[in-house]
Amino acid sequence: MERVIVVGSGPAGLTASLYAARANLNPLCIEGWQPLGLLMTTTEIENFPGFPEGVQGPELMMKMREQAEKFGTRFVTENASKLDLSGEIKKVWVGETLYESRTVILATGASSIKVGIPSEETYLYGKGISTCATCDAAFYKKMVVAVIGGGDSAMEEACFLTNFASKVYVVHRRDEFRASKIMVDRVKTNPKIELVTPYVPDEFLGDGKLLNAIRLKHAQTGEYRTIEVAGAFVAIGHKPNTELFADQVELDAKGYVECQGRSQKTSIPGVMAAGDLQDATYKQAITSAGSGCIAALDAQHYLEEHGF
């Protein structure tokens, strides 16, 4: 019988594992076949505390894993295949192997929704295409960039990017935007932003190493237009990775796990959630790590209260 099982191994899962291990709870982390989260595909990170010269995403995640393991976290490098979170004893399957635990911390993250054209994969993460302006805007000082999307997130990213880029295109498939009127007005009145509608990305262009342009297709006439950019920020949404337990824990209208108050407690006693699967707003490594810490402390308090 485990005391804590952590499902997921990004910044939230590893921080939860570290704190649980430091509390002598001997946690088991189901880290998955592709462990350590989205930062494994990120190049230089300049906004994580403690690294004034920056740090490579994979290096940061490996250090976090090593630290969690040093204090007693055990790892299973496979995907969880099924969860039963009902009852006092929680059940987690990895293939045919069943693990039982008094508490479970869900930290399976979220996936960025992509444009979905083959050339997108060529330039993702460090080669010109990003899914996070807060993370990568500083790499595009005095350069021309594009934001793809029409919601509030896209508008916010476009405005944020104007603090760095010389010009920002906002590419959207319709003439109308899903974003709130105040955000659209803010974008329309910004002299550094140009709206490009109704167009969809048809091809990301470059030399295979760096993006330098996007070929766009008019959504109605089919005519093509090419814009030269050094970077493209895809802001068409995120999908929380909740498939394994979506029918068991309470979710909000966007599909993110609901947590109670300022805690990381879910609607199920003994089950906590941390990181991007419950954060529809900030989506930063440091906030994910912070929520992982809270989730581990919540699990510790739950075990103490119930005499486990």
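The values are calculated or read from the model by the stated rules, or taken from the named source; none is laboratory data. Computed from a prediction, not measured in an experiment: that's the story for all the values here. So basically every Cβ, Gly included, is an ideal-geometry build from the backbone, and we count neighbours across all protein chains shown.
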Within segment 249-273, tally of residues that are touching a residue at least 40 places away in the same chain (Cβ under 8 Å) and either outside the structural domain of residue 57 (by TED's automatic domain parsing) or in a strand (DSSP E or B) (or both): 4
Filter result for residue 276 (over 21 Å from the mean Cα position of the chain (by Cα), outside the structural domain of residue 170 (by TED's automatic domain parsing) and among the charged types (D, E, K, R)): no
Test for residue 68: is it out of contact with any Ser or Thr (no Cβ under 7 Å at 6 or more places or on another chain) and either modelled with pLDDT of 95 or more or over 28 Å from residue 244 (Cα atoms) (or both): no
Residue identified as touching a residue at least 60 places away in the same chain (Cβ under 8 Å), over 29 Å from residue 292 (Cα atoms) and not in a loop (DSSP other than H, G, I, E, B) among 120, 194: 120
Number of positions in segment 72-114 that are surrounded by fewer than 17 Cβ atoms within 10 Å (Cβ to Cβ) and in contact with a helix residue (DSSP H, G or I) (Cβ under 7 Å, 6 or more places away or on another chain): 2
Only listed residue being in a loop (DSSP other than H, G, I, E, B) and in contact (Cβ under 8 Å) with a residue 24 or more places away in the chain, chosen from 186, 173, 225: 173
Candidate set from segment 115-140 (those that are surrounded by fewer than 21 Cβ atoms within 10 Å (Cβ to Cβ) and polar (S, T, N, Q)); member that is nearest to residue 20 (Cα to Cα): 134
Residue 57 vs. criteria surrounded by 13 or more Cβ atoms within 10 Å (Cβ to Cβ), in contact with a Pro (Cβ under 7 Å, 6 or more places away or on another chain) and closer than 21 Å to residue 241 by Cα: no
Matching residues, segment 198-213, being closer than 10 Å to residue 123 by Cβ, in a strand (DSSP E or B) and aliphatic (A, V, I, L, M): 205, 211
Check on residue 115, aliphatic (A, V, I, L, M) and more than 20 Å from the chain's Cα centre (by Cα): no
Selection from segment 202-240 of residues that are surrounded by fewer than 21 Cβ atoms within 10 Å (Cβ to Cβ), more than 18 Å from residue 143 (Cβ to Cβ) and not basic (Lys, Arg): 202, 203, 208, 218, 219, 220, 221, 222, 223, 224, 236, 237
Cβ-Cβ under 9 Å pairs, at least 6 apart or on other chains, segment 158-169 side without any contact (Cβ under 8 Å) to a residue 24 or more places away in the chain, far side surrounded by fewer than 18 Cβ atoms within 10 Å (Cβ to Cβ) and of a type in the set (A, V, I, L, M, F, W, C): none
Strands (runs of 3 or more DSSP E) contained entirely in segment 1-87, each with at least 2 residues that are of a type in the set (A, V, I, L, M): 2-7, 28-30
Residues (under 21 Å from residue 167 (Cα atoms), in contact (Cβ under 8 Å) with a residue 24 or more places away in the chain and within 26 Å of the chain's Cα centre (by Cα)) located in segment 207-222: 210, 211, 212, 214
